[in-house]
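See structure below.
The values are calculated or read from the model by the stated rules, or taken from the named source; none is laboratory data. Note that the structure is predicted; figures quoted are calculated from it, not measured. All Cβ positions, glycine included, derive from the backbone under ideal geometry; neighbour counts span all protein chains shown. What goes into the accessible areas is simple: the full protein's heavy atoms, side chains included, and nothing from ligands, DNA or RNA. Shrake-Rupley method; radii C 1.70, N 1.55, O 1.52, S 1.80 Å.
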Amino acid sequence: MGETEDKIRTPQQERSIRTKEAIIRAAMQLFSDKGFYQTNTKEIAAAAGVSTGSFYSYFVDKRAVFIEVLHKYGDELMAEVERSMAEINFNTIERTELILHLIDTLLLSHKAFIGYHKDLNIMYHSDEAIKQLMDAQYESGRLKTLSYLQMGQDELKTADMEAASIIVFESVSAIVDFISFSPQRIAVDRLKSELVHMLVQYLYK
């Protein structure tokens, strides 16, 4: 470990924990508003209400805080999906409504990343640590999809739920990304309706 890394603070007291959290939240907002490459550490520190020197006592550079943002986003996304799905009675809900509910939850969560989606794509292909982190988050999403399919497995057409979970996860992720980050030629509701119809026809008896 280098001298710079040795000086990075691991917050123990409540005040230090709050300061680090404020830096992460400020960076998350700035990355979303301006993008990663258009944001500097001085701006992050100012938005968090701390000095630039204080920023560097918690993070070696903006890449380090970006990785923390990715961790936090992934954790919050998973928690939001679990909270949203926990509101559902799987025994009574219509399957079209279930899938639409999941799509809407994911669309809402993607709003935090709209500003730096392009930067994420660049960093995914140029930074191995970020690639590994994002791959791990995608794998968690696939496993969560599998667990939801298993809850209603008696209604499924397929016996290969592991393969089905990948197909469903990748299909939903691709369309949610398209809706969130691409110019729309047709209404979003039409895209969601067709996606739901496709998945219901594929999955259920």
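Can you give the local net charge around His110? Use residues other than it whose beta-carbon is closer than 13 angstrom to its beta-carbon, Lys and Arg +1, Asp and Glu -1.
Details: positive: Lys111; negative: Glu76, Glu80, Asp104, Asp177.
Around His110, the surrounding residues sum to -3.
Heavy-atom accessible area per residue, region 131-185, 1.4 Å probe: how many Å²? Let's see the in-between values first.
Details: 3150 Å² over 55 residues.
Result: 57 Å² of accessible area for each residue.
How much accessible area does Leu100 have with a 1.4 Å probe, in Å² rounded to the nearest 10?
So the heavy atoms of Leu100 present about 70 Å² to solvent.
Using amide H atoms built 1.01 Å from N in the peptide plane, name the residues 5+ places from Tyr204, or on other chains, whose amide H lies under 5 Å from its own.
Under 5 Å from the amide H of Tyr204 lie the amide H atoms of Lys157, each far enough along the sequence or on another chain.
Please list Met78, Met28 in order of solvent-accessible area, largest first, computed with a 1.4 Å probe with all protein chains present. Write down the numbers at each step before the final one.
Working: Met78 50, Met28 20 Å².
Accessible-area ranking of Met78, Met28, largest first: Met78, Met28.
I want to verify a result. In a Gaussian network model of the chain, Cα cutoff 10 Å, which of these has the top mean-square fluctuation: His125, His71, His110?
Among His125, His71, His110, the largest GNM mean-square fluctuation belongs to His125.
What figure in square angstrom, to the nearest 10, would you give for the accessible area of Glu162 with a 1.4 Å probe?
130
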